[in-house]
Amino acid sequence: MNGRYSRQELFAPIGTEGQAKLRNKHVLIIGAGALGTGSAEMLVRAGIGKISIADRDYVEWSNLQRQQLYTEEEAEQRTPKAIAAKKRLKAINSEVEISCHVMDVSVEELERLVENVDLILDASDNFDIRMIINDISQKHRIPWIYSACVGSYGISYTIIPGETPCLNCLLENVPMGGVTCDTVGIISPAVQMVISFQMSEALKILVEDSLHLRNKLVSFDLWKNHHSSINVDKIKKADCPSCGTDRSYPYLSFSKQTKTAVLCGRDTVQISPSQPMERDLESLDKALSRQQGKVLRNPYLLSFSTAEHRLVIFKDGRVLIHGTKSISEAKTLYHRYLG
Amino acid sequence: MELTVNGNQIQVPNTVKTVAGLLQHFKLHHKVVIVERNAEILEQAKHTETLIFDKDKIELVHFVGGG
């Protein structure tokens, strides 16, 4: 015993009993951006048993302002975020089991990832995946915490299957468009505030102190000095297709899945192949080196830059197309260089 | 008309008559917004028909995607 958790154990609502519970819990974090890195660091420092982190992206310079686990070297190397996060988290607390996944999470992946998971933390950047998390959470009866931020604004809500309304009850429809980190930016105090709301709730769930859950939809704007906290229990719908009595989990069906996505905060489109595949980066390196453009390669991905666009091709088949927000233009470039 | 919106006292023009009008006033009408009026939560379908009055206490929470 080196007393590393002593201050947390002195906090009466957790105590040594809560600490022991925490040690046996497994949290899945979807996304290793600003929210994901912050939440992961807190959980690992707090002595969680295991965390799994899934992220499809790699570290860039524009991340370093707020994504707390990453370094300049990783931006330089374009290290996948899940790999970079694991390295730093292991250095912070070697006692915690850390499972990292460089992947675009959709229904199939999430079905696999939630096995033996006690809580899902949303640190994603789009509603496509949140609606999938929401349905999976209801199907497997695993609580999850919706969290998001943009500019100086943040929002969070804890969803407990069988008790609270679900995200589908609250939203009714998937929000389309709207402001993103791309158009209005983001300041790190807003990120940290959302993380604090999310992590306080996470700790309560993990030490099984459900009586103290906030049970309110919380939002704030740190620049405009707004804070709002409202009870949304009444919004729970008996006929909700995700959590109602006659539920169908609509977002788990193939027709609801997106294979292309415009990424938040980036002038970028992601294209995922319809079938799982592994790309031969070495052959691609040779083929693309003959094109007008610059090729960079590491064990996980290959980056190909032309004058106007940059294609980043991941080993798992996905391609990020930087320099466009148009899905059709992205598809053209995808097919032009990758067949 | 004076309203308390998210804890702040503000003046809105008298042309704002309904919750939907208020969302338009704040340029939130294209977003998914949860509205609470005088401690009562309103379904989205009720935004157009729900009138607002002087001294109402309104809470507005809009959903964002970034993270």
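Laboratory data are not the source of any read-out in this text; all were calculated from the coordinates shown. What you see is a predicted model; the values in this text were computed from it and never measured. Every residue, glycine as well, gets a Cβ built from its backbone with ideal geometry; the counts of neighbours run over all protein chains shown.
Pairwise Cα distances in the stretch B:2-62 exceed 14 Å for 48 percent of all pairs. For the residues of B:42-54, the average number of beta carbons from a partner chain within 10 Å of their own beta carbon is 1.
Legend: ranking of residues A:104, A:233 from fewest to most surrounding C-beta atoms inside 10 Å; resulting order A:233, A:104.
By the count of other C-beta atoms within 10 Å, a proxy for reagent exposure, A:118, A:285, A:280 are ordered fewest to most as A:280, A:285, A:118. Computed over chain A with a Gaussian network model linking Cα atoms closer than 10 Å, the most mobile of A:253, A:52, A:156 is A:253.
Our estimate of slack between residue A:9 and residue A:260, defined as 0.36 nm per intervening residue step minus the Cα-Cα distance, is 85.8 nm.
Remark: for residue pairs A:21/A:86; A:87/A:139; A:25/A:325, the C-alpha separation exceeds 30 Å in A:87/A:139; A:25/A:325. Karplus-derived 3J(HN,Hα) values for the stretch A:12-21, using 6.51 cos²θ - 1.76 cosθ + 1.60 with θ = phi - 60°, are 3, x, 9, x, 5, 5, x, 4, 5, 5 Hz; glycine and proline are entered as x.
Backbone geometry of the stretch A:34-49 corresponds, through the Karplus equation with coefficients 6.51, -1.76 and 1.60 at θ = phi - 60°, to 3J(HN,Hα) couplings of 5, 5, x, 5, x, 5, 4, 4, 4, 5, 5, 5, 6, x, 5, x Hz, x marking Gly and Pro. Filter the cross-link list A:90/A:237; A:81/A:286; A:81/B:57 down to pairs whose alpha-carbon distance in this structure exceeds 32 Å. Where the Cα-Cα span goes over 32 Å, the pairs concerned are A:90/A:237; A:81/B:57.
Between A:100, A:166, A:264, which gets the highest mean-square fluctuation from a Gaussian network model of chain A, Cα cutoff 10 Å? Between A:100, A:166, A:264, it is A:264 that shows the largest mean-square fluctuation. Computed from the Cβ-Cβ distance with R0 of 45 Å, the FRET efficiency linking residue A:212 to residue A:328 stands at 0.35.
Note that the stretch A:260-338 shows a convex hull volume over its alpha carbon atoms of 87 Å³ per residue. The calculated P(r) of the stretch A:6-256, using every Cα pair and 5 Å bins from 0, goes 1, 6, 13, 17, 20, 18, 13, 7, 2, 0, 0 in percent. Dividing the C-alpha radius of gyration of the stretch A:1-148 by 2.2 N^0.38 Å, with N its residue count, gives 1.05. Each label was represented as a point 7 Å from its Cα along the Cα-to-Cβ direction; for residue A:23 and residue A:60 these points are 4.2 nm apart.
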